Amino acid sequence: METIEKILPKDFVTDQEVRWCPGCGDYSILKQAQSVLAEIGIKREDTVFVSGIGCSSRFPYYMETYGMHSIHGRATAIASGLKAARPDLNIWIVTGDGDALSIGGNHFIHLLRRNFNVNVLLFNNEIYGLTKGQYSPTTRKGTINKSAPMGTIDHPFNPLALCMGAGGTFIARSMDRDPKHLREILLRASKHKGTSLVEIYQNCNVFNDGAFFPFTEKESKQNETIFLENNQPIIFGPSRTMGIKLDGFKPVIVNLEEGNSANDLWIHDEADPIKASILTRFFDDVTIPGHLPRPFGVFYTETRACYEDEMEAQIVTAIESKKRGNLDALLRGKNIWEIK
Amino acid sequence: MEPVQQKKISRISELKKEVTILFAGDSGDGIQLTGSQFTDTSALFGNDVSTFPDFPAEIRAPQGTLAGVSGFQLRFGSVEIYTPGDVCDVFVAMNAASLKANIKKLIPGGILIANISGFDKKNLGLAKYPEGINPLEDGSLGKFRLYTMDITKMTKAALADSGMGTKEIERSKNMFVLGFLYWMYNRSMSRSIDFFKEKFKGKPHLIEANIKVLNAGYNFGETSETFSSQYEVKPAPMPKGVYRNIMGNQATALGLIAASEKSGLGLFYGSYPITPASDILHELSKHKNFGVKTFQAEDEIAAATSAIGASFGGALGVTASSGPGIALKGEAIGLAVMYEIPLVIIDVQRGGPSTGLPTKTEQADLFQAMYGRNSEAPVAILAASSPSDCFETIFEACRIAVEHMTPVFFLSDGYIANGAEPWKFPKGDGLGKITPKFAEENPEGTPFLPYKRDSKLARPWALPGRKGFEHRIGGIEKENETGNISYDPENHQLMVKIRAEKISRIADFIPPQKINTGQEKGEVLVLGWGSTFGAITMAVKDLIGDGYSVSHAHLRYINPFPKNLGEILKNFSLVLIPEMNNGQLVSIIRDKFLVDAIGFNKIKGVPFTSEEIKKEVLRILGVSVPN
Ligand code: SF4
């Protein structure tokens with residue numbers, strides 16, 4: 001893909017009126033996506049946004065690129081076919097927790113294992129917004145909502161642990177309320193060759209307001225979150241005096257002011273799948289005393305062949321070994337006879 | 001018990017016009033291979049052939065049981081052959097279960113060749129013959145010409161010093177049968193010998209062993225005292241030309257590649273394994289040197305949606321399945337209707353509903369193709385009538401999908417998918433062109449309108465990568481021309497009408513319906529679609545020969561129908577529609593044309609016989625037929 005100069009975020013804005021609820025976290029994500037695309041300078045005509053169904057899935061209508069708004073859960077499968085047919089395109093999948101993890105769960109895991117070179121923005125708001133407030137596969141157990149007036153009894157998914165299990169090659173988390181971080185992560189995702197999965201905590205202020213407040217709001221953010229940096233010790237807290245140490249495979253919180261050295265802390269290594277798996281398990285309920293803080297940033301990256309490249313390579317090999325197919329020879333087959 | 005006399009036939013060469021052979025045995029007996037080898041050899045020899053493989057649903061059904069019986073019926077002749085035969089002249093039974101399951105198909109006086117080892121106590125028990133009863137010995141097969149031979153034993157003898165294990169040796173016994181039949185019908189073994197050489201490349205001991213057993217079977221025919229007649233079936237007087245043998249699924253795969261070549265669109269085939277459609281996937285995946293991309297998806301839904309994604313990118317997007325898989329694709333097909341992009345959906349029908357009869361044939365998905373989506377979602381529908389017709393019909397399906405920007409159903413079924421026949425294959429140059437409807441350049445300053453249509457009502461195909469054509473499509477109702485989301489009531493009605501009219505207008509771009517056999521006017525029109533073609537053709541030819549006023553028209557285009565179909569229907573007093581379902585085309589015909597068409601339905605998982613159709617025509621004509 002050739003890059004061009006001077007494309008601006010506003011060049012990615014369409015003439016369509018954006019129809020999310022006022023205050024919805026989606027606005028912030030849209031803005032960052034437009035800004036990141038402008039920054040990487042990919043041509044609009046080479047870019048395709050593919051979505052399923054849900055609030056987030058309206059996204060393609062607001063991006064001045066090619067776009068496919070599809071059906072519930074299938075964006076990942078549609079994008080797989082598109083990327084296989086057109087490896088040259090820059091493809092972004094926009095999906096939500098219901099779309100990707102419930103009705104489209106199957107396609108989602110298979111996309112990750114095949115490692116098509118596409119980017120996935122998983123808007124997680126822990127609720128069904130478009131259908132007006134039913135619980136989703138990420139809704140926390142016990143939450144009261146439209147379809148669970150007595151509280152949900154479903155155990156929720158841990159999305160990033162699922163992605164690790166499915167063989168994802170780029171696994172990251174960010175949030176709508178931290179535009180700077182979101183932008184940085186989207187940039188990294190766009191540069192990763194392979195399926196880049198970014199889970200974005202997105203506030204649905206209408207049906208699940210404040211679901212992520214412990215992580216996104218000033219008062220609690222610094223205690224409740226870790227911002228991962230590669231090759232750096234894991235430190236958090238308002239005055240950055242807390243850290244995580246690995247005791248065998250068990251992560252423990254240590255206080256650097258109580259005689260613990262920063263040298264003993266867990267050093268984040270994006271290339272280490274075991275450590276990344278443990279990090280995805282930092283998924284405690286924030287109301288439990290002694291719970292681990294929630295990590296944000298890039299958990300894991302891996303360089304692995306992309307499906308579409310291997311598909312193309314087989315075609316090249318077949319042409320090299322058998323020559324480009326000849327239609328007449330194919331129709332004729334191996335055994336023929338003539339009636340005179 | 002009176003021992004059955006082994007009848008002797010004098011050693012002369014008898015001339016036969018046509019012969020139907022049924023090979024049957026355990027699914028592990030290599031029946032399909034034996035059948036297909038005999039078919040290829042006969043086709044190469046110049047006979048017209050038609051085949052009907054019939055296998056059990058379970059891959060490893062318990063050995064020796066009725067559930068495990070595999071069959072291959074093959075008819076070949078020096079005359080035109082339209083079906084694999086209603087009954088058979090020769091029946092090779094490899095074990096007791098296969099005899100029990102199929103003996104009703106053998107004509108009185110027919111030749112029955114039975115493998116003695118397959119009738120031991122164990123096999124008789126598995127076939128549920130009462131204790132102490134062996135049909136080969138109790139006289140119950142008296143009306144047939146029974147020849148028993150110990151095929152297993154003779155195969156073992158032929159391979160005694162081959163160093164092969166007993167299991168491996170036993171597996172070659174089908175080649176003994178093949179060799180024997182080659183002798184019986186005076187056929188050359190060279191085609192099969194070449195086949196072994198190719199199949200077992202690098203395994204010389206297997207090549208040698210198979211040739212040895214094949215020879216042993218042939219020589220047994222020549223030297224044995226028990227069996228002493230050969231038959232001759234001369235080449236058929238087929239139209240001049242060069243032929244090959246082809247199976248339906250194979251023809252479908254070739255047709256897709258041809259359509260890809262003629263349209264200049266890369267072929268993307270999204271599929272999930274399912275009987276009886278998987279062979280198309282297998283065949284296509286061998287032809288990557290045509291740039292073919294086969295994608296074995298995680299499920300049927302992904303198979304369909306990936307093809308839609310590929311089509312958006314400019315590929316010839318194709319997805320295939322059988323009935324239950326098509327049900328899963330329904331929502332995706334509806335999306336393609338809204339997107340208005342090319343998508344070819346292949347349905348190789350099988351017995352249903354649900355899992356139904358996976359290895360048996362049926363034509364009961366016509367309603368599904370026609371109506372199987374939410375709301376008003378019309379698509380074009382074409383059906384193939386024979387194994388080789390799959391080629392032309394799928395090519396046509398691709399042409400319509402690409403030129404009219406629409407999903408198109410291609411219906412085949414298990415019977416023609418696995419059946420084979422000689423095919424006077426075309427030259428690439430002789431195939432029509434397929435012209436994709438790529439968006440034309442916009443006059444400077446005017447926006448691209450993704451839903452602005454041409455006279456066919458097809459919208460332009462603008463592929464990602466083209467500057468100035470960036471657009472968004474979706475499953476939400478869209479505004480006419482702009483394609484923007486629209487909830488406007490008037491617009492919705494307009495769009496529903498346009499989408500329906502777009503499909504109707506395809507009728508302007510397809511050939512008129514012709515009468516396949518018989519006169520343009522008359523008493524009875526037998527109207528068929530799909531794989532009933534052969535049986536109807538035979539029946540109608542016979543009836544005409546007997547002086548009845550009967551004609552046959554066979555539909556390739558079911559939605560829309562050819563424009564002259566209504567006229568044709570009016571030219572006959574009676575319209576009979578035989579279908580392997582509970583009456584689907586007949587409902588559509590009655591609905592569209594208000595004709596009192598008569599349905600004739602067989603829903604048994606097996607094709608019509610021509611006799612059945614003949615009798616039904618006579619019945620509606622009021623001619624009394626003795627049973
Ligand atoms: S319902 Fe929730 S997620 Fe949907 S647009 Fe409104 S605030 Fe956003």
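For chain B, build the charge dipole from Cβ charges (+1 Lys, Arg; -1 Asp, Glu) around the Cα centre, then report which of B:551, B:530, B:71 sits farthest towards its positive end.
Selected residue: B:71.
Looking at A:75, A:47, A:63, which one has the Cα that reaches farthest to the positive end of the dipole of the stretch A:29-81 (charges on Cβ: Lys, Arg +1; Asp, Glu -1)?
My answer, from the dipole projection, is A:75.
Could you work out the pair-distance distribution P(r) of the stretch B:56-205 from its alpha-carbon pairs, with 10 angstrom bin width and percents rounded to whole numbers?
For the stretch B:56-205, the binned pair fractions read 9, 33, 37, 17, 2 percent.
Using a simple charge model, +1 on the beta-carbon of Lys and Arg, -1 on the beta-carbon of Asp and Glu, nothing else, what dipole does the protein assembly as shown show about its Cα centre, in debye to the nearest 20?
1900 debye
Have a look at the DSSP beta bridges in the protein assembly as shown and tell me what percent are antiparallel, nearest 5.
So the antiparallel bridges in the protein assembly as shown amount to around 35 percent.
I'd like the orientation of helix B:190-199 relative to chain B: the angle between its Cα long axis and the longest Cα principal axis, in ° from 0 to 90, rounded to 10.
60 degrees
For the pair residue B:520 and residue B:438, how long in nm is the line joining their label points, each one 7 Å along Cα→Cβ?
4.3 nm
With only alpha-carbon atoms in the gyration tensor, what are the semi-axes of the equivalent ellipsoid for chain A, in Å, largest first?
Those come to 39, 25, 21 Å.
Work out the length of the dipole vector of the stretch B:245-510 about its Cα centre, built from +1 on the beta-carbon of each Lys and Arg and -1 on the beta-carbon of each Asp and Glu, and round it to the nearest 20 debye.
That gives a dipole near 420 debye.
Distance from a point 7 Å along Cα→Cβ of residue A:283 to each backbone N in the stretch A:219-246: keep the residues under 20 Å and list them by number.
The answer is A:224-228.
Quick check for me: using +1 on Lys/Arg Cβ and -1 on Asp/Glu Cβ, what's the dipole size of the stretch B:522-620 about its Cα centre, in debye to the nearest 20?
I would put it at about 220 debye.
Under 18 Å from the 7 Å Cα→Cβ point of residue A:154, by amide nitrogen: which residues of the stretch A:280-322?
Within reach of a label on residue A:154, which here means backbone N under 18 Å from a point 7 Å along Cα→Cβ, the stretch A:280-322 contributes nothing.
Going toward the positive end of the dipole of chain B, with +1 on Lys and Arg Cβ and -1 on Asp and Glu Cβ, which of B:41, B:500, B:217 do you reach last?
B:217
Please give, to one decimal in nm, the separation of the simple spin-label points placed at residue B:371 and residue B:188, each 7 Å out from Cα toward the Cβ.
Taking the simple label geometry, residue B:371 and residue B:188 are separated by 5.5 nm.
If contacts are Cα pairs under 8 angstrom and at least 6 residues apart, what is the relative contact order of the stretch B:245-510 in percent?
Relative contact order for the stretch B:245-510 comes out at 20 percent.
Hey, with R₀ at 25 Å, roughly what FRET efficiency would residue A:257 and residue A:218 work out to, going by the Cβ-Cβ distance, to 0.05?
Step by step, r from the Cβ atoms, then E = 0.65.
Report, in degrees rounded to the nearest 10, the 0 to 90 angle that the Cα long axis of helix A:26-40 makes with the longest principal axis of chain A.
Around 60 degrees separate the two axes.
Helix B:389-404 versus the longest principal axis of chain B: what is the Cα-based angle in degrees, 0 to 90, to the nearest 10?
10 degrees
Treating each Cα of the stretch A:182-281 as an identical point scatterer and ignoring solvent, apply the Debye formula and state log10 I(q)/I(0) at q = 0.18, 0.23, 0.24 Å⁻¹.
-1.04, -1.31, -1.33
Once the Cα gyration tensor of the stretch A:1-102 is diagonalised, what are the square roots of 5 times its eigenvalues, in whole Å and ordered largest first, as equivalent ellipsoid semi-axes?
Taking √(5λ) for each eigenvalue gives 21, 19, 10 Å, largest first.
If I take R0 = 22 Å and measure r between the Cβ atoms of residue B:546 and residue B:424 in this structure, what FRET efficiency does the formula 1/(1 + (r/R0)^6) give, to the nearest 0.05?
0.15
Considering every residue in B:233-239, what mean count of other chain Cβ atoms within 10 Å of its Cβ is obtained?
1
Give the dimensionless ratio obtained when the Cα radius of gyration of chain B is divided by 2.2 N^0.38 Å.
1.05
Give me the Å³ per residue figure for the convex hull around the C-alpha atoms of the stretch B:142-251.
177 Å³
Report the relative contact order of chain B, percent, no decimals, based on alpha-carbon pairs under 8 angstrom and at least 6 residues apart.
Answer for chain B is 12 percent.
If you filter the stretch B:173-236 for trypsin sites (Lys or Arg not before Pro), then keep DSSP loop positions with at most 16 other Cβ within 10 Å, what is left?
B:201
Rounded to two decimals, what is the ratio between the C-alpha radius of gyration of the stretch B:522-620 and 2.2 N^0.38 Å?
Against the empirical 2.2 N^0.38 Å value, I get 0.99 for the stretch B:522-620.
Calculate the spin-label point distance for residue B:296 paired with residue B:138, positioning each point 7 Å from the Cα along the beta-carbon direction, and give it in nanometres.
It is 4.6 nm.
Could you pull the Cα extents of the stretch B:245-510 along its three principal axes, largest to smallest, in whole Å?
Here the spans come out as 56, 40, 36 Å, largest first.
Would you mind checking the radius of gyration and Dmax of the protein assembly as shown based on alpha-carbon positions, in Å?
Radius of gyration, then largest Cα-Cα span, for the protein assembly as shown: 33.1, 109 Å.
Between the stretch B:223-274 and the stretch A:93-117, how many Å separate their Cα centres?
40 Å
Each reported figure results from applying straightforward, stated rules to the coordinates on display, with no laboratory input. Keep in mind it's a predicted model, so treat the numbers as computed, not measured. So basically every Cβ, Gly included, is an ideal-geometry build from the backbone, and we count neighbours across all protein chains shown.
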